[in-house]
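**Q** Below you will find the structure I want to go over with you.
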Amino acid sequence: MAWGNFSRVTEFILLGLSDTRELQVLFFTIFFLAYTMVLLGNLLIIVTVRTDPKLSSPMYFLLCNLSFIDICCTSVTAPRMLVDLLSQRKAILFEGCIAQLFFLHFVGSSEMFLLTVMAYDRYTAICKPLHYTAIMNRWACWVLVCSCWAGGFLHSITQTLLTIQLPFCGPNKIDNYFCDVQPVIRLACTDIYVIEWLMASNSGLISLGCFLVLVTSYTLILVSIRGRLTQGHWKALSTCGSHVVVVTLFFVPCIFIYLRPFRTFPFDKYVCVIYTIFSPVMNPLIYTLRNNEVKESIWRL
């Protein structure tokens, strides 16, 4: 049958995390508190960094951008999920589903690239301290951040274009609480063998590649300061340790989800909660509780 003879699906039904009313109320309470923490915590970091002249180093400039991306990333999925948890019918229009897919991958991949840039910043500060101000100057920071957003856009527009050209004519139930590439393309009325490989090569390899770059950066830092740990190095290691926690929470679930073509598990949607909700919650907690300069600035503010 030709693609043109298909009746186009106009909406998708999101099955969510559970169909039990008691669990839905419990999830609503947990995720509402988590989303509130994401908004308040990351906004507090942004305001603190922007208003305190002492927090003008490249590390805090990148941290401010990370907080902004975390707010955007969580806001793509959390508000819709909270509304659906209290709704009987969890329907989303086809256009809204594609828009959610686009913005999720846009800000999500931008965050991956930004975390990689932050690791490079720490590597430069610890391993090349004499050249740090020359390498990570204000212009270089802006170029790196803009490159992260540009890379995120190119990744997301590729995913979106591969998705919207597929025919959707039959099943419209998505076993998740948001529209993502894998569950959406599996509803297409055509063979998606090539598409799934392209998706895994795009999202999966980006996640894995950025993670390997991050691991390499921290390995080089440890090798560089081995045997000459001073108080300054201990402080730098503490910052890097916090960064490693954020990286692990964010990248490991992404690699698990996106580097698996042709295979899904029922618990995939629960794994997605880690990098869409809980990882953005951890960022303000880790970067404030583990950083005395930020804590002092917040108290002054």
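The values are calculated or read from the model by the stated rules, or taken from the named source; none is laboratory data. Bear in mind that the values here come from a model prediction, so they are computed numbers and not experimental data. Counting neighbours? That spans all protein chains shown, and the Cβs are built from the backbone with ideal geometry, glycine included. Heads up: the accessible areas ignore ligands, DNA and RNA and are worked out on the full protein's heavy atoms, side chains in. Shrake-Rupley method; radii C 1.70, N 1.55, O 1.52, S 1.80 Å.
**Q** Only one of Leu101, Leu144, Leu115 is open to solvent by less than 10 Å² (accessible area, probe 1.4 Å) and under 30 Å from Ser57 (Cβ atoms). Can you tell me which? Reasoning before the result, please.
**A** Details: Leu101 fails: under 30 Å from Ser57 (Cβ atoms); Leu144 fails: open to solvent by less than 10 Å² (accessible area, probe 1.4 Å).
Only one candidate passes the filter, namely Leu115.
**Q** With respect to Ile206, is the statement that it is open to solvent by less than 70 Å² (accessible area, probe 1.4 Å), of a type in the set (Val, Ile, Thr), modelled with pLDDT of 80 or more and at negative phi true?
**A** yes
**Q** Looking at the stretch 216-233, which of its residues are aliphatic (A, V, I, L, M), modelled with pLDDT of 75 or more and farther than 10 Å from Cys127 by Cα?
**A** none
**Q** Sticking with this one: Of the conditions (1) within 21 Å of the chain's Cα centre (by Cα); (2) at pLDDT 85 or above, Arg186 clears all except one; give me its number.
**A** Looking at each condition in turn, Arg186 falls short on (1).
**Q** Scan the stretch 28-43 and give yes if some residue there is open to solvent by less than 70 Å² (accessible area, probe 1.4 Å) and closer than 18 Å to Ser297 by Cα, otherwise no.
**A** Looking through the stretch 28-43, at least one residue is open to solvent by less than 70 Å² (accessible area, probe 1.4 Å) and closer than 18 Å to Ser297 by Cα.
**Q** Between Ser87, Ser18, Ser67, which is within 18 Å of the chain's Cα centre (by Cα) and among the polar types (S, T, N, Q)?
**A** From the options Ser87, Ser18, Ser67, the qualifying one is Ser67.
**Q** Could you grab the pairs with beta carbons closer than 8 Å, sequence gap of 6+ or different chains, first residue in the stretch 243-261 and among the hydrophobic types (A, V, I, L, M, F, W, C), second one at pLDDT below 80 and assigned to a helix (DSSP H, G or I)?
**A** Listed pairs, sorted by first residue: Val245/Ile286; Val246/Asn283; Val246/Ile286.
**Q** Also, I was wondering about something else. How many residues are without any contact (Cβ under 8 Å) to a residue 40 or more places away in the chain, within 21 Å of Ala200 (Cβ to Cβ) and either in contact with a strand residue (DSSP E or B) (Cβ under 6 Å, 6 or more places away or on another chain) or not in a helix (DSSP H, G or I) (or both) if we restrict to the stretch 141-174?
**A** Going through the stretch 141-174 one residue at a time, the tally reaches 2.
**Q** Kindly indicate the residue of the stretch 176-203 that is in contact (Cβ under 8 Å) with a residue 12 or more places away in the chain and among the polar types (S, T, N, Q) and also most open to solvent (accessible area, probe 1.4 Å) among those meeting that condition.
**A** Taking the candidates together, the pick is Thr190.
**Q** Taking Tyr120 as the residue in question, decide whether it is more than 28 Å from Phe31 (Cβ to Cβ) and surrounded by fewer than 20 Cβ atoms within 10 Å (Cβ to Cβ).
**A** yes
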